[in-house]
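Below is one structure, written out as structure tokens; comments come after it.
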Amino acid sequence: MAKVTFNEELCKGCGLCVAACPKQILALSKVRLNQKGHSPVEMTNQEACIGCAFCATMCPDCVIRVER
């Protein structure tokens with residue numbers, strides 16, 4: 001199983017990673033904001049992650065780290 005981590009303080013909530021995820025297990029938070037006032041991305045189902053790293057590839061700010 002892959003481990004995905006996010007640097008939430010750098011996330012600007014653009015949603016590119018959410019759109020790129022083939023398993024549709026990423027979402028922008030509806031309850032939290034980072035220090036810049038953006039809704040950071042969060043994993044909704046870690047066990048379903050296949051470690052494809054499409055999310056990390058799409059992220060323009062290198063917020064996402066995928067470890068296999």
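A few points about this structure:
- Translational diffusion of the chain, µm² s⁻¹ [Kirkwood Rh, Cα pairs; Stokes-Einstein; 10 °C; 1.306 mPa s]: 135
- Listed as lacking a disulfide-compatible partner in the chain: Cys11, Cys14, Cys21, Cys49, Cys52, Cys59, Cys62, by the criterion of no other cysteine Cβ under 4.7 Å.
- Averaged over its residues, segment 3-63 has an accessible area of 61 Å² per residue, based on protein heavy atoms and a 1.4 Å probe.
- Between Gln24 and Glu67, the modelled label-to-label distance comes to 3.0 nm, taking each label 7 Å out from Cα in the direction of the beta carbon.
- If you run the Gaussian network model on the chain, springs between alpha carbon atoms under 10 Å, then out of Gln35, Gln24, Gln46 the most flexible one is Gln35.
- On the chain, 53 percent of the accessible area sits on carbon and sulfur atoms, based on a 1.4 Å probe.
- Near Cys17: Cβ cut-off under 15 Å, other residues only, Lys/Arg at +1 and Asp/Glu at -1. The net charge is 0.
- Average Cα contact separation per residue, the chain, under 8 Å, 6 or more apart, as relative contact order %: 45
The values are calculated or read from the model by the stated rules, or taken from the named source; none is laboratory data. Owing to the predicted nature of the structure, the values given are computational and were not obtained by experimental measurement. Because the Cβ atoms are built from the backbone with ideal geometry, glycine has one as well, and the counts that use them run over all protein chains shown. Please note that ligands, DNA and RNA were not included when accessible areas were found on the heavy atoms of the full protein model with its side chains. Shrake-Rupley method; radii C 1.70, N 1.55, O 1.52, S 1.80 Å.
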